[in-house]
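Novice: One structure coming up, written as structure tokens, with questions to follow.
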Amino acid sequence: MSKKILIVEDQKFISSIVSLNLRKIGYDTVVAENGKIGYDLAKSEKPDLILLDIMMPVLNGFETLKLLKSDDNTRKIPVIILSALSQKSHILEAISLGAIDYITKPFNLDIAKLKIAEVFKKLNQSTEIEKHDTFPIFYKNYVVVMNCPNDFISLEYIKKISNSITKFKEEISQVILNLKENKTIDNLNVVFFDNLIAKLNERHIKVSLVVMNSEIESFFKEAHMLSTFEIFTEMSAALPPDIDVSEIENTKKITAEDAKYPLPVLFNSGVPIIKFFVAPTPEQIDLLDNCILELFRYNRKRIIVDFNNTDAVPARLAGVLMKYQTNLVIKNEGKIVLIIKSQNLITQLKEGGFITKFEIYTDLESAMAYINK
């Protein structure tokens, strides 16, 4: 069965061109001329994907996106923003509201098709397949070299790069991101690369980008990025003198599961599950704080914490969970759900008045049913 794409765009010539090109490659399309009609069609047509403009009459794109993500009938439909607004603040607002990608006008139809195909590929991918993603990393003399994929750099891939560098335990003085094979850099990539590089700048880590040609080099230079980095068109020029370019071929692989978060995080239908098998140490409580913050930063606002058969937890851990439960529930309409099998732990939390703040279940199936309401 063909995938159905809803195009919400007030400029008819743009929606017609996009619709025609998507139909040529096998998608079914539905068109709406403003956000109100788009929202209504999303409920009635149940599309597999929505392409959403921002500057529209009746309801603008941000207002429409908020409606889509607050309605149980539409919140799971992936949304890609298609807009002439290209400022970093607009892109970040769209992502924070639940959009999974952002295409700026005027846009390249081939890149738009790639992004759409990437969304459907990801939706069809099982959790088990995602676990075996690998990221090529070379490390020597405090220098890390990371190779990006040669077809398309998705938003999710940049997030994984960020987490893999964070996870890397060795001391780092320089990170080289190898984009030498990549042909499809866009504004969304630039925004998230800027955030990634800014994090590395804060750690006083030098950052270098190796790009395919002067055209992509100009793209980065003209993108008004706030972070500090150097651009090269050859890997040999980016490397310090004590590393030969031939050595880069001998990269080691780390798995996506190792790279993602500072605590064990599994995903079930897109819901992150943080697992504890024994009572957490003080260090692990700090990691939990960082882990939830990282999930929250990437718009993961429904989180399950699984304590299995753990009999007791430190009071500080309860405080960390309560802090984020307040942020998620009151400010962002999210939720943290606990799985606890130990009656002793439930009793401990009841006595501390903590348990009233959370929904608690003894099995994953019940927790998932509640969190997906």
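The values are calculated or read from the model by the stated rules, or taken from the named source; none is laboratory data. Since the model is a prediction, treat every value here as computed from it, not as a measurement. A quick note on method: Cβ atoms are made from the backbone with ideal geometry, for glycine too, and the neighbour counts reach across all protein chains shown.
Novice: Do you know which residues across segment 74-110 are under 20 Å from G38 (Cα atoms) and β-branched (V, I, T)?
Specialist: Of everything in segment 74-110, those that are under 20 Å from G38 (Cα atoms) and β-branched (V, I, T) turn out to be T74, I77, V79, I80, I81, I95, I100, I103, T104.
Novice: Return yes when I37 is surrounded by 16 or more Cβ atoms within 10 Å (Cβ to Cβ) and under 21 Å from F120 (Cα atoms) and no when it is not. Step through it out loud before you land on a result.
Specialist: Details: surrounded by 16 or more Cβ atoms within 10 Å (Cβ to Cβ): yes; under 21 Å from F120 (Cα atoms): no.
Considered against the rule, which asks whether it is surrounded by 16 or more Cβ atoms within 10 Å (Cβ to Cβ) and under 21 Å from F120 (Cα atoms), I37 comes out as no.
For (1) at pLDDT below 75; (2) not in a helix (DSSP H, G or I), each residue gets a yes or a no:
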{"position": "P149", "(1), (2)": "yes, yes"}
{"position": "Y157", "(1), (2)": "yes, no"}
{"position": "I161", "(1), (2)": "no, no"}
{"position": "E170", "(1), (2)": "yes, yes"}
{"position": "V175", "(1), (2)": "no, yes"}
{"position": "E181", "(1), (2)": "no, yes"}
{"position": "D194", "(1), (2)": "no, no"}
{"position": "K199", "(1), (2)": "no, no"}
{"position": "H204", "(1), (2)": "no, yes"}
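Novice: Here's a follow-up. Answer with yes or no whether K24 is outside the structural domain of N195 (by TED's automatic domain parsing) and over 15 Å from K113 (Cα atoms). Spell out how you get there, then give the answer.
Specialist: Values: outside the structural domain of N195 (by TED's automatic domain parsing): yes; over 15 Å from K113 (Cα atoms): no.
No; evaluated as a whole, the condition is false for this residue.
Novice: Name the single residue that is farthest from C291 (Cα to Cα) among those in segment 333-359 being crowded, with 18+ Cβ neighbours inside 10 Å and either out of contact with any helix residue (DSSP H, G or I) (no Cβ under 6 Å at 6 or more places or on another chain) or modelled with pLDDT of 85 or more (or both).
Specialist: Going through the qualifying residues, I end up with Q348.
Novice: Provide a single number: the residues in segment 1-12 that are within 19 Å of V58 (Cα to Cα) and surrounded by fewer than 21 Cβ atoms within 10 Å (Cβ to Cβ).
Specialist: Matching residues across segment 1-12 total 3.
Novice: Let me ask something else. Say whether the condition of being under 27 Å from D110 (Cβ atoms), in a loop (DSSP other than H, G, I, E, B) and either among the hydroxyl-bearing types (S, T, Y) or in contact (Cβ under 8 Å) with a residue 12 or more places away in the chain (or both) is met by at least one residue in segment 28-42.
Specialist: Yes, there is a match, as at least one residue in segment 28-42 is under 27 Å from D110 (Cβ atoms), in a loop (DSSP other than H, G, I, E, B) and either among the hydroxyl-bearing types (S, T, Y) or in contact (Cβ under 8 Å) with a residue 12 or more places away in the chain (or both).
Novice: Applying the selection to segment 201-228, what residues are over 16 Å from N182 (Cβ atoms) and touching a helix residue (DSSP H, G or I) at 6+ places or on another chain (Cβ under 7 Å)?
Specialist: Step one: of segment 201-228, the residues over 16 Å from N182 (Cβ atoms) are 201-207, 221-222, 224-228.
Across segment 201-228, the qualifying residues are V207, M225, L226, S227, T228.
Novice: Can you report the number of residues in segment 215-250 which are aliphatic (A, V, I, L, M), surrounded by fewer than 14 Cβ atoms within 10 Å (Cβ to Cβ) and within 12 Å of V190 (Cα to Cα)? Walk me through it before giving the result.
Specialist: So the first thing to find is which residues in segment 215-250 are aliphatic (A, V, I, L, M), and the list is 216, 223, 225-226, 231, 235, 237-239, 243, 245, 248.
Retained after the next criterion (residues that are surrounded by fewer than 14 Cβ atoms within 10 Å (Cβ to Cβ)): 226, 237, 245.
Checking which are within 12 Å of V190 (Cα to Cα) leaves us with 226.
Counting residues in segment 215-250 that are aliphatic (A, V, I, L, M), surrounded by fewer than 14 Cβ atoms within 10 Å (Cβ to Cβ) and within 12 Å of V190 (Cα to Cα) gives 1.
Novice: If we scan segment 26-38, do we find a residue that is within 28 Å of A223 (Cβ to Cβ) and in contact with a strand residue (DSSP E or B) (Cβ under 9 Å, 6 or more places away or on another chain)?
Specialist: So the first thing to find is which residues in segment 26-38 are within 28 Å of A223 (Cβ to Cβ), and the list is none.
No; the residues of segment 26-38 include none that is within 28 Å of A223 (Cβ to Cβ) and in contact with a strand residue (DSSP E or B) (Cβ under 9 Å, 6 or more places away or on another chain).
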